[in-house]
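Step one of this worksheet: look at the structure below.
Read-outs: derived from the displayed coordinates by stated rules, not from any lab. For clarity, every value in this text was computed on a predicted model and none was experimentally measured. All Cβ positions, even for glycine, are placed from backbone atoms using ideal geometry, and neighbour counts span all protein chains on display.
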Amino acid sequence: MGPLARSARPVLRPAVFLDRDGTLNEDLGYVHRWEDFRWLPGAKTAIRRLHDASVYVFIVTNQSGVARGLFGEDAVTALHAKMRDDLRAAGADIDDIRYCPHHPDAAVAAYRLACSCRKPAPGMILDLIAHWLVDAAASVMVGDKEIDAQAGRAAGIAAEIVPAGGLEGFVDGFLRQRQTNRV
């Protein structure tokens, strides 16, 4: 008989779920072009520090501009690709992104939907938790509005509201708390 095989347990990691507009970048209203995108101070550094600490970094963002007919989903995916390229150049990365193009009062009929992914509903967060090895008890949703916090709580995770430009300060506290909990 060969050596006993140990059953490998999946290693769960904490995750920080980030809103996009107003949390990572200036909320100029329906930002969908790289030329209009402006990182908030400290956002790239905060993402890099989370990633370096083996924390999953996810973006969950409502993009009702698609439903309103202001731009298409291709613009959203192109902007997200540019964000990821810019982050990688700064030594950071996003593990995954979810966005909701729906709105119950959409001008574009195909997107006129009261769905489970549009924040404050938790669908985007729950989808990411289902697809990644997330330690939900150690995870948090971070955004600049109450609907972001509501989505986190509805998904069963902690939630924090941070002001524009406050992400780096939040990450300082989050990583300090993780270190304290390990000791």
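Among the cysteines of the chain, C115 have no other cysteine beta carbon within less than 4.7 Å of their own.
Counted without the sites themselves, the longest stretch of the chain free of trypsin sites (Lys or Arg not before Pro) in a DSSP loop having at most 13 other beta carbon atoms within 10 Å is 39-183. Restricted to Cα atoms, the chain shows a radius of gyration and a Dmax of 17.4, 67 angstrom.
Summary value for segment 26-177: 23 percent relative contact order, contacts being C-alpha pairs under 8 angstrom separated by 6+ residues. Between D93 and R13, the modelled labels are 0.9 nm apart [label points 7 Å from Cα along Cα→Cβ]. Between A78 and D52, the distance separating the two model label sites (each 7 Å from Cα on the Cα→Cβ line) works out to 3.4 nm.
Excluding same-chain neighbours fewer than eight residues apart, the aspartates and glutamates reachable from K82 by a Cα-Cα span under 13 Å are E35, D36, D74, D93.
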